[in-house]
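Everything on this sheet refers to the single structure shown next.
The values are calculated or read from the model by the stated rules, or taken from the named source; none is laboratory data. What you are looking at is a predicted structure, and each value in this text was computed from that prediction instead of being measured. Cβ coordinates were reconstructed from backbone atoms using ideal geometry, including for glycine residues, and neighbour counts include every protein chain displayed. What goes into the accessible areas is simple: the full protein's heavy atoms, side chains included, and nothing from ligands, DNA or RNA. Shrake-Rupley method; radii C 1.70, N 1.55, O 1.52, S 1.80 Å.
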Amino acid sequence: MEESRFRLGIIFNFNPKWTGGLIYVLNCIKILNFLEDKDKPTVVIVYPEHLKKYLDEVDYPYLEVVAHQFPSIYKGYVQSFLKNKNVFVQDLVIDQKLDAVFPMHDYPVKSKLDAKLVSWYADLQHMYYPQFFTKKKRLERNARIKLILRNSRDLVVSSQAVKDDFLQFFKVPKSLKIHIYHFVSIVDHLPTITREEILKKYALPEQYFMISNQFHKHKNHKVVFKALAKLKNSERMPHLAITGRFPEEPNSDYLKELHQIIDENSLKNAITFLGLIPRGDQLLLMKYATAIIQPSLFEGWSTVIEDAKSLQVPVIASDLKVNIEQLAEKGTYFESHNFDELATILEHYPVRNFGVDLYDSYDSRMKKAAYEFLSVFK
């Protein structure tokens with residue numbers, strides 16, 4: 001049986017600051033545990049040494065890990081062009097006898113390998129909000145995308161919305177198959193402490209709303225702060241807990257803008273900034289929130305919303321096409337810049353009934369996603 005298992009190579013090579021990317025790939029591996037044993041592939045994780053610590057949480061019965069020194073992006077592309085082979089994966093596929101590889105970000109030339117090399121691209125945010133990217137970064141993203149479209153045969157995207165964006169902004173060859181894989185969030189290994197204990201640990205009241213996004217402009221914390229400002233004299237003034245990595249630049253204009261709203265409206269007691277906390281604690285706080293707020297101006301497929309669905313937590317989201325695709329009738333929506341509309345929702349939001357399940361059962365969602373993911377390769 002072991003020799004006949006499909007061998008799936010997972011390229012685990014990301015900037016560790018991109019939390020969403022790390023969680024995405026780890027969950028793609030973990031989700032395979034929900035397959036029937038006969039269908040489980042051998043997973044070969046290829047990683048650079050500095051990311052090894054993230055693999056400790058992976059528990060999968062047919063797992064191999066391979067440390068590998070990947071070439072730098074520019075050097076890898078130049079070598080690939082000169083040698084007419086994809087140096088990012090060519091030797092790995094041959095040495096590890098891989099049947100498929102995912103996720104491919106770099107596809108400088110067409111492959112002559114028999115293995116199925118499957119590309120992945122998260123979203124086309126830079127096409128909608130170019131001001132959030134440097135000119136160099138926009139050029140890099142477009143160049144990488146065009147090479148993927150030219151040379152790849154399979155591309156995975158996270159939503160119909162992202163697929164539609166590819167068809168709108170780029171010329172997609174008929175030879176390229178675009179697969180939509182709806183990422184789901186695995187919420188294993190939550191801390192074994194009570195609700196009272198986790199709230200005491202982070203000094204939170206019993207009733208609170210929560211945002212779990214990094215502090216990028218497109219995450220749109222501002223609309224929530226403005227909604228709170230509108231409610232500051234309300235009898236039902238909400239409390240907001242916020243997790244997420246703060247900007248690295250010490251004088252972030254975005255953080256200044258947010259703190260200005262807080263200071264001008266005396267909101268310090270209504271908002272708790274928690275920063276980057278252990279993921280288990282973050283998930284437990286999400287589990288006990290009145291609702292999760294996802295106010296983003298742009299998403300490819302929201303990890304936060306998937307976390308909420310796995311935890312059976314209500315979501316208040318901006319009315320992005322992708323958020324509606326993700327939540328359908330189970331979400332509560334507001335126009336992404338309309339803080340008055342959001343304020344009304346928060347003021348009248350019902351007290352949470354923890355006994356009600358809002359979404360399909362966890363196991364059924366995981367199993368469905370596992371087979372959906374496997375179908376991309378087989």
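The figures follow:
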read-out: Pick from the range 243-263, criterion part of a helix (DSSP H, G or I) and touching a residue at least 12 places away in the same chain (Cβ under 8 Å), ranking: most open to solvent (accessible area, probe 1.4 Å); value: 257
read-out: Residue match in the range 145-162 (condition: more than 15 Å from residue 122 (Cβ to Cβ), touching a Phe, Trp or Tyr at 6+ places or on another chain (Cβ under 8 Å) and β-branched (Val, Ile, Thr)); value: no
read-out: Residue in the range 2-20 that is open to solvent by 10 Å² or more (accessible area, probe 1.4 Å), part of a helix (DSSP H, G or I) and touching a strand residue (DSSP E or B) at 6+ places or on another chain (Cβ under 7 Å) present; value: no
read-out: Lone qualifier among 59, 37 - being of a type outside the set (Phe, Trp, Tyr), under 24 Å from residue 6 (Cα atoms) and at pLDDT 95 or above; value: 37
read-out: Condition check for residue 158: open to solvent by 50 Å² or more (accessible area, probe 1.4 Å) and hydroxyl-bearing (Ser, Thr, Tyr); value: no
read-out: Options 225, 209, 215; residue that is open to solvent by less than 30 Å² (accessible area, probe 1.4 Å), more than 22 Å from residue 278 (Cβ to Cβ) and either of a type outside the set (S, T, N, Q) or touching a helix residue (DSSP H, G or I) at 6+ places or on another chain (Cβ under 9 Å) (or both); value: 225
read-out: The range 314-335 residues that are at positive phi, paired with ones that are open to solvent by less than 70 Å² (accessible area, probe 1.4 Å) and modelled with pLDDT under 95 (beta carbon under 8 Å, 6 or more apart); value: none
read-out: Test result for residue 24, outside any loop (DSSP other than H, G, I, E, B), under 20 Å from the mean Cα position of the chain (by Cα) and either among the hydroxyl-bearing types (Ser, Thr, Tyr) or surrounded by fewer than 18 Cβ atoms within 10 Å (Cβ to Cβ) (or both); value: yes
read-out: Selection from the range 135-155 of residues that are among the basic types (Lys, Arg) and surrounded by fewer than 18 Cβ atoms within 10 Å (Cβ to Cβ); value: 135, 136, 137, 138, 141, 146, 150, 153
read-out: Given (1) closer than 22 Å to residue 142 by Cβ; (2) open to solvent by 20 Å² or more (accessible area, probe 1.4 Å), number of the condition residue 112 does not satisfy; value: (1)
read-out: Residue match in the range 192-213 (condition: part of a loop (DSSP other than H, G, I, E, B), under 19 Å from the mean Cα position of the chain (by Cα) and either at pLDDT 95 or above or not polar (S, T, N, Q) (or both)); value: no
read-out: Long-range neighbours under 8 Å by Cβ, at least six apart or interchain, first residue without any contact (Cβ under 8 Å) to a residue 60 or more places away in the chain within the range 193-210, second surrounded by 13 or more Cβ atoms within 10 Å (Cβ to Cβ); value: 205/199; 205/239; 206/199
read-out: Long-range neighbours under 6 Å by Cβ, at least six apart or interchain, first residue farther than 18 Å from residue 113 by Cα and open to solvent by 20 Å² or more (accessible area, probe 1.4 Å) within the range 67-92, second at pLDDT 95 or above and outside any helix (DSSP H, G or I); value: 68/46
read-out: Flag for residue 172 being out of contact with any strand residue (DSSP E or B) (no Cβ under 6 Å at 6 or more places or on another chain), open to solvent by less than 40 Å² (accessible area, probe 1.4 Å) and over 30 Å from residue 114 (Cβ atoms); value: no
read-out: Single residue of 283, 267, 231, 274 found to be open to solvent by less than 20 Å² (accessible area, probe 1.4 Å) and under 30 Å from residue 21 (Cβ atoms); value: 283
read-out: Helices (runs of 4 or more DSSP H) wholly inside the range 98-171 that include at least 1 residues being without any contact (Cβ under 8 Å) to a residue 24 or more places away in the chain and within 26 Å of residue 6 (Cβ to Cβ); value: 160-169
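Each row is one residue, and each column tells you yes or no for (1) closer than 22 Å to residue 42 by Cα; (2) touching a strand residue (DSSP E or B) at 6+ places or on another chain (Cβ under 9 Å); (3) at pLDDT 95 or above.
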{"position": "75", "(1), (2), (3)": "no, no, no"}
{"position": "88", "(1), (2), (3)": "yes, yes, no"}
{"position": "99", "(1), (2), (3)": "yes, yes, yes"}
{"position": "102", "(1), (2), (3)": "yes, yes, yes"}
{"position": "105", "(1), (2), (3)": "yes, yes, no"}
